1. Has the range 50-66 got any residue that is without any contact (Cβ under 8 Å) to a residue 24 or more places away in the chain, open to solvent by 10 Å² or more (accessible area, probe 1.4 Å) and touching a strand residue (DSSP E or B) at 6+ places or on another chain (Cβ under 7 Å)?
2. So if I check each of 185, 235, 229, 192, which one is under 20 Å from the mean Cα position of the chain (by Cα), surrounded by fewer than 19 Cβ atoms within 10 Å (Cβ to Cβ) and either of a type in the set (D, E, K, R) or under 17 Å from residue 84 (Cβ atoms) (or both)?
3. Does residue 492 qualify as being modelled with pLDDT of 90 or more, exposed (fewer than 15 other Cβ atoms within 10 Å of the Cβ) and within 20 Å of residue 479 (Cβ to Cβ)?
4. Regarding the range 137-151, can at least one residue be identified that is farther than 30 Å from residue 31 by Cβ, touching a Pro at 6+ places or on another chain (Cβ under 8 Å), open to solvent by 10 Å² or more (accessible area, probe 1.4 Å) and at pLDDT 95 or above?
5. So which residues in the range 527-580 are open to solvent by less than 30 Å² (accessible area, probe 1.4 Å), touching a Gly at 6+ places or on another chain (Cβ under 7 Å) and in a loop (DSSP other than H, G, I, E, B), if there are any at all?
6. Under the condition of being among the acidic types (Asp, Glu) and at pLDDT below 85, which residue from the range 293-313 is farthest from residue 325 (Cα to Cα)?
7. Based on what the data block shows, is residue 154 open to solvent by 10 Å² or more (accessible area, probe 1.4 Å) and touching an Asp or Glu at 6+ places or on another chain (Cβ under 8 Å)?
8. May I ask you to verify whether residue 351 is among the basic types (Lys, Arg) and at pLDDT below 75?
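The values are calculated or read from the model by the stated rules, or taken from the named source; none is laboratory data. Not measured: the values here are computed from a predicted model. Positions of Cβ are backbone-derived with ideal geometry, glycine not excepted, and every protein chain shown enters the neighbour counts. With ligands, DNA and RNA removed, areas are computed over all heavy atoms of the protein, side chains included. Shrake-Rupley method; radii C 1.70, N 1.55, O 1.52, S 1.80 Å.
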Amino acid sequence: MRNIITAALAVLLLTAGSALGQELKSFGYGTMWNSPLTASRPTVVVFINTIEAQAPRVTAQTRVFTSIPAMIWGPGANNANAYYNHASAGRFQWTRAQNGVYGPYQSQNGHCLRRANGATFSAGRTILRHEAVRFLMSDPNMNMRQFDTNGNGIVSHRELAIHIVYNCPPSTSANPHTPTSGEVREVDVTVRGLRFAGKVSSSKTTVSIPTLHHELAHLLGTYDLYTDRMDCDCRSVSLMHVRNHQMLSDLDGPHKFALGWTRTSVIDIAKLSRRSINEALGRNVHYLIYDSRRSQKEYFYTEFRRSNDPFEAGLFQSGLAVWRVTQRADGKIDRIRLLSPNILALSRVSRAADLGNRVDRLLFEEADGSFTPVWENGEPADFAFRVTDPAANGARRYFAERDIFTAAATLPSTKKGYFFQQEDYFRFDYARDRFDRKRRAGEDGKNWSAYAQHADGAFARAANGETQVYFLRGSRYYRYSLDRDQVDQIGNISTLFRGVPNNIDAAIHHPTNGKTYFFKGNQYYRYDWDDRRVDATRTISDIGWKGVPSDLNAALMHPNGKAYFFKLDRGRMAYHRYDFGQQGVDRTGIMGTDGWLGKSSL
């Protein structure tokens, strides 16, 4: 049995120039370049022909002479500039250095095939790289000295990125050459007193887009994750596990963190008092989770990955990626391992299109079916992940744990309140002042309950001599006649409730003015039934609904004439009671402690 964590929660958000920035740096934030890598990197593409006669010659008219540079700067889909702009959240790009494309030059000794004198293809490519850089530095159309930004007489890959493209003859069984279509190696060349000393990337003319982006990433200091040392098992989840012609994947979160490209919240397990984290994953916010009782040189890193992302062709479904990262003494990455290699099994998302902006949430929960990460020494961490998936039609599904509701409504004639939690509902008896029933939707013989599954909001109103209950889920609404026990109308929210957004947080039908209020984020939308449209949109607590919080979980009208708003707070469901006479919240409390008792016993 893992220990229950009891101290106070610390969720720290990165702000420029803050003490937290120093704390993040202690975990390796931006240390790949000693500071976050931003702005742009001047880049050139250099073509060079090998000495093999059987190799197809590259000329300025050859297709690859324009297609490979287009893979970097565009136009065209998935070019490196678009890819890295996305990966860095707009912080970084590759720019053309002067002409951008140079050559094609003719090698004097570089080759791809094994030579008769015993020279290997590896040695041949080394010659090609050095010759290409020498040709570039000697080219009258290239002013190499301007890239010596610190004036030390040396240009490095930190100042100028060089990608070399060489042609190779067809590889045969009798005379094979390396299957590697790209690589990064050190080059040291001096021309007219100016020295280039640093890494260059290189590839064959047959290079794929994923491989090219992978090699460019190495110029930024990233590591291959397919090596025996890394043992990452993260194919299709990271660009740094791409080999040869695999499909394109986004750069993994730990590398983005080391480059200074992420917004990251730091969580100390030893100071975690609650068993859940209420922030939604997926808004470019990652979580770094460590234990101050252990070394800070090891931590877990989480990010939500979407398969419908334009640069996630290799990711076949969306889910939560949990990485374990260990650091070297200097703070740089030592090892990265994906602990959730099948992120689908963790998130159980049925279709990527269902996600929208409502993504899975991260829970620390000791419960069956949870996922417990393991430290490098094999010791289980004393917390666990639990991820809940969105509903099948795009509606939000929040925590699948105790006291987490997504919608609620009072059915007046029954004098009962109903709280909806995924496929279940919990009934509250106002007369007894406690919960008295839990049912799986659709199993109680009621025709409404199946439509209430995964509801975003619900409300009841009297109309046409009967009580009508509306359930809203994603972009759809379902109207249920309580008196006739049937769902008699289904449609699009935008059709009936003009001006009301999809995927609401909660809804309340006003007891006196006959209008219905829909809440989403920090806004509310007042709907006029006579005009059949929204007649006011305002900020919650700004004008009206004073004291009601934003980002609600549920809301309902109580038979006592007051409205109750529910929101998860520090892992517990809090309520805010609204008095229409005072026009403000007159009481707050925690469900199960300060009222609304009995749910835990069901």
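1. no
2. Exactly one residue qualifies, and that residue is 235.
3. So residue 492 passes the test.
4. Checking the range 137-151: not a single residue is farther than 30 Å from residue 31 by Cβ, touching a Pro at 6+ places or on another chain (Cβ under 8 Å), open to solvent by 10 Å² or more (accessible area, probe 1.4 Å) and at pLDDT 95 or above.
5. Matches in the range 527-580: 529 only.
6. So, considering only residues that are among the acidic types (Asp, Glu) and at pLDDT below 85, the one farthest from residue 325 (Cα to Cα) is 309.
7. yes
8. Working: among the basic types (Lys, Arg): yes; at pLDDT below 75: yes.
The answer is yes for residue 351.
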